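Novice: Handing you this structure, nothing more for now.
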Amino acid sequence: MSSSLPSLIVLLPFFGAGVMGFVYLFVPAGRNLRRFYVAVGIGTPLLAALLGLIVVGEMLTLPASASIASPLYSWIAIGSFEIDVAFVVDRLSAVMLLVVTLVGSLIHIYAVGYMWDDQGFGKFFAYFNFFLGAMLLLVLANNPILLFIGWELVGLASYLLIGFYHHDTANITAANKAFLLNRVGDFGFVSGLGLLFALQKQSGFDFAAIFAGLGGIDTAMLSLIGLLLFVGAMGKSAQIPLYVWLPDAMAGPTPVSALIHAATMVTAGVYMVARFAPLYNRIPDVGLFIAGIGAASALLAALFASWQNDIKKILAYSTMSQLGYMLIAVGLGEYSNGIFHLAAHAFFKALLFMGAGAVIIALHHEQDIFKMGGLGSRLPAVRRTMLVATLAITGIPIFAGFFSKDAILSYAFASGHTTIWAIGVVVAFLTAYYMFRLYFVVFVAPNHRSSRSRQSPSLTSLPRSMVWPLFVLAAGSIFLGFWNLPEAYGGSTWFSHELHLADHEAHLRFAKEYILDGFNVLVALLGIAIAYRKFVRPSHPLNAPIHRIAWQRALANTLYIDTLYDRLIVRPLRGISNWQDRLIDPKIIDGSLRGLVTLYRGVATQSARLQNGNLRWYALTFLLGVSGISLYLLIAIGGAS
Amino acid sequence: MTVNPDAYFAVATLLFSLGILGVISRRNLLVMYLSIELMLNAVNLILATFSRLHPDEGGTMIALFMIGVIAAEAALFLAVIVQIYRKKHTLDSDAFTELAQGKKL
């Protein structure tokens, strides 16, 4: 079945970005202009969301394996080989489409309030719409090349938005870091695509054709392709070893962190692995590797998050940790659980970031949680929604995170990967601890700082557009879980069923599942209890912790991994660059060119001496020349006769 | 009376060599002009000689035309020499090196 709506959905945000970018550049700023930006900036995502709902509604009436194709035009046609610019909505991209457009619209609305006083209001919305278009291009692409274009464009949007406050050099550095680390990952990704392309035999390079032709490629090569593609996912989804950009990416405005670096872009790696499910199903070893990387990243990030003080960095590490969960899921072949966790995570993590942004705005851009405290009574709406999101991410029953996370963990247990399961449980404990540490310190714990009048008690009042999207997302965080209610709780895993992905099957008896889930909840409650003991009923006054023990200090400094990368990679590279700058460039490349110039000039100067203006000298050379020619003619021609 | 054609060639060669020697070694523009005329006449002589040896009057005709052209050219050449003399009050060819590389006009 085909329809033009998917193309329209992709093009709309790009169109909005183009119009706003044009107006921002060429129309002088004014108050009315801001209304225009709001209309276009919110209008296009909302329209895209509406069209997305229509398309998905239409698709649900079709059989599960059907998809809605939307060919735009033929891009590359070599003989019978064709690559089209075409979009496709199937069950998997439908989920992503809805998540991106719905959560994206809410964050756009939120951003109106957040960015209202910013000089670059129009620029922000142009970039934001551009991101949305790029992300939709990524998820709706019907071939890997188009997916890769979206993949790169979201990276560009991420770069532009991290460095949005470009007056601060640190932000530019963070943007560059994100961009460069993503290039490392993308190099792997594009190499994998190239290899896949080289080994393909059939005509056409869209997903369906690729998966049909996988049988003709041997397993070793498939594993290599799978690994290379996953390197791209490591970069984009901020996994070990390419994760260091994500915490720094928090330099961007908070709506950017919510949309790009929590809800959508960073999940592209998970989406990609799920999209290539038929490929990864053939290479379970690589899948296990992915799950291992996911588990390690989840654990490391959870540890880091427990020792951070910056509210956005806690959430950034938390995002990385949750992405680790998703990669465990897709690595072990339970794609629909991974995608479900992705969708649930998009809601509660966007909500957490937006709540954090509201707190930051209310406190005049303060980000250290130990300088907050006792905000619960003064920001009740934010506190309540943040509590919902915190409970959701912690995995307390009935909230979305409980169903999505425990599905992943119980699958890991059921399929016999108990090590990964154990790590997952430890991460769940740490998640409960650090999330409630954040919640308690910011909202519940007595406000020591402000009582010392270090901070003025006045809070900036929040605009309505920043508050009510929180409630929508909170509702999602509560109720989303029921879409995928496991059979153990009387549900039918409707979501996983409808998603129709090539999942591996592994079932537990209900009794076992109850025990596992109960255990997870206990672990989470334990984390909450410890956080409560430490931060709500502290034995000593609550201050920013000073870490005296070496391992704590190391964790608070994220194990000095940034420094390690700096020493191991950045400095040697910089050394090589400097060496090139000093030797190769000026001496060898420029030197050889300058040498040639000197040579030509010398020859010219010497030849110019012949032209001395002396008439008799000319006559002599003339004579010699004519004599020479005559002599030659005599020998060459005269000799013949 | 018939003369051996080699004698004509010898005279022509002698005239031509004298002309070249004059152009190269003498500095006076008038003498250089005279030397050029010598060379031209050497060529004329050769043309006429060949014309006789090879029964074809074309060579003689060209020689006659050339005498006419040389007369016209002489008028021009002398006028130029007069102009040059007015510029520097000398006829030394080495004094006129304005077109040499690196010299300003």
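Novice: In the stretch A:591-636, which residue that is of a type in the set (Lys, Arg) and within 9 Å of another protein chain (Cβ to nearest Cβ) is surrounded by the fewest Cβ atoms within 10 Å (Cβ to Cβ)?
Specialist: It comes out as A:Arg609.
Novice: Out of curiosity, is A:Leu242 aliphatic (A, V, I, L, M) and part of a helix (DSSP H, G or I)?
Specialist: no
Novice: Of all helices (runs of 4 or more DSSP H) completely enclosed by the stretch A:46-164, which ones contain at least 2 residues that are surrounded by fewer than 18 Cβ atoms within 10 Å (Cβ to Cβ), at pLDDT 90 or above and not hydroxyl-bearing (Ser, Thr, Tyr)?
Specialist: Where helices (runs of 4 or more DSSP H) fall fully within the stretch A:46-164 and carry at least 2 residues being surrounded by fewer than 18 Cβ atoms within 10 Å (Cβ to Cβ), at pLDDT 90 or above and not hydroxyl-bearing (Ser, Thr, Tyr), they are A:144-162.
Novice: I've got another one for you. Among the listed residues A:Ala343, A:Ala298, A:Ala356, which satisfies the condition of being assigned to a helix (DSSP H, G or I), in contact (Cβ under 8 Å) with a residue 12 or more places away in the chain and farther than 21 Å from A:Gly104 by Cα?
Specialist: A:Ala298
Novice: If the requirement is being under 21 Å from A:Leu332 (Cβ atoms), surrounded by 15 or more Cβ atoms within 10 Å (Cβ to Cβ), touching a helix residue (DSSP H, G or I) at 6+ places or on another chain (Cβ under 6 Å) and modelled with pLDDT under 90, which of these qualifies: A:Ala428, A:Ala445, A:Ala502, A:Ala506?
Specialist: Matching residue, one of A:Ala428, A:Ala445, A:Ala502, A:Ala506: A:Ala506.
Novice: Name the residue, out of B:Thr49, B:Thr90, B:Thr97, that is away from chain A (no Cβ under 13 Å), free of Cβ contacts under 8 Å to residues at least 24 places away in the same chain and not hydrophobic (A, V, I, L, M, F, W, C).
Specialist: Checking each option against the conditions leaves just B:Thr90.
Novice: Could you say which residue among A:Ala502, A:Ala506 is assigned to a loop (DSSP other than H, G, I, E, B), within 24 Å of A:Arg91 (Cβ to Cβ), of a type outside the set (S, T, N, Q) and out of contact with any Ser or Thr (no Cβ under 9 Å at 6 or more places or on another chain)?
Specialist: That would be A:Ala502, the only listed residue that is assigned to a loop (DSSP other than H, G, I, E, B), within 24 Å of A:Arg91 (Cβ to Cβ), of a type outside the set (S, T, N, Q) and out of contact with any Ser or Thr (no Cβ under 9 Å at 6 or more places or on another chain).
Novice: Taking the condition of being touching a residue at least 60 places away in the same chain (Cβ under 8 Å) and not hydrophobic (A, V, I, L, M, F, W, C), how many residues in the stretch A:202-229 meet it?
Specialist: Count: 6.
Novice: Tell me, yes or no, whether the stretch A:219-227 has at least one residue that is hydroxyl-bearing (Ser, Thr, Tyr), within 18 Å of A:Ala277 (Cα to Cα) and in the same structural domain as A:Gly331 (by TED's automatic domain parsing).
Specialist: Taking every residue of the stretch A:219-227 in turn, at least one turns out to be hydroxyl-bearing (Ser, Thr, Tyr), within 18 Å of A:Ala277 (Cα to Cα) and in the same structural domain as A:Gly331 (by TED's automatic domain parsing).
Novice: Related question: Considering the stretch A:518-570 alone, what residues qualify as being of a type in the set (Gly, Ala, Ser), more than 20 Å from A:Asp368 (Cα to Cα) and modelled with pLDDT of 85 or more?
Specialist: Once the filter is applied, which keeps residues that are of a type in the set (Gly, Ala, Ser), more than 20 Å from A:Asp368 (Cα to Cα) and modelled with pLDDT of 85 or more, the stretch A:518-570 yields A:Gly518, A:Ala524, A:Gly527, A:Ala529.
Novice: Exactly one condition in (1) under 12 Å from A:Tyr325 (Cα atoms); (2) modelled with pLDDT of 90 or more; (3) not basic (Lys, Arg) is not met by A:Asp406; state its number.
Specialist: (2) is the only condition that A:Asp406 fails.
Novice: Ok, one more. Could you identify the single residue in A:Gly373, A:Gly395, A:Gly333, A:Gly357 that is within 21 Å of A:Tyr271 (Cα to Cα) and among the small types (Gly, Ala, Ser)?
Specialist: The unique qualifying residue is A:Gly333.
Novice: Moving on to the next point. Only residues that are within 14 Å of chain A (Cβ to nearest Cβ), surrounded by 14 or more Cβ atoms within 10 Å (Cβ to Cβ) and either at pLDDT 90 or above or closer than 30 Å to B:Arg52 by Cβ (or both): list them for the stretch B:63-87, please.
Specialist: Of everything in the stretch B:63-87, those that are within 14 Å of chain A (Cβ to nearest Cβ), surrounded by 14 or more Cβ atoms within 10 Å (Cβ to Cβ) and either at pLDDT 90 or above or closer than 30 Å to B:Arg52 by Cβ (or both) turn out to be B:Phe77, B:Ile81.
The values are calculated or read from the model by the stated rules, or taken from the named source; none is laboratory data. Here the structure is a predicted model, which is why all the values come from computation and not from measurement. Cβ atoms come from the backbone with ideal geometry, glycine included; neighbour counts cover every protein chain shown.
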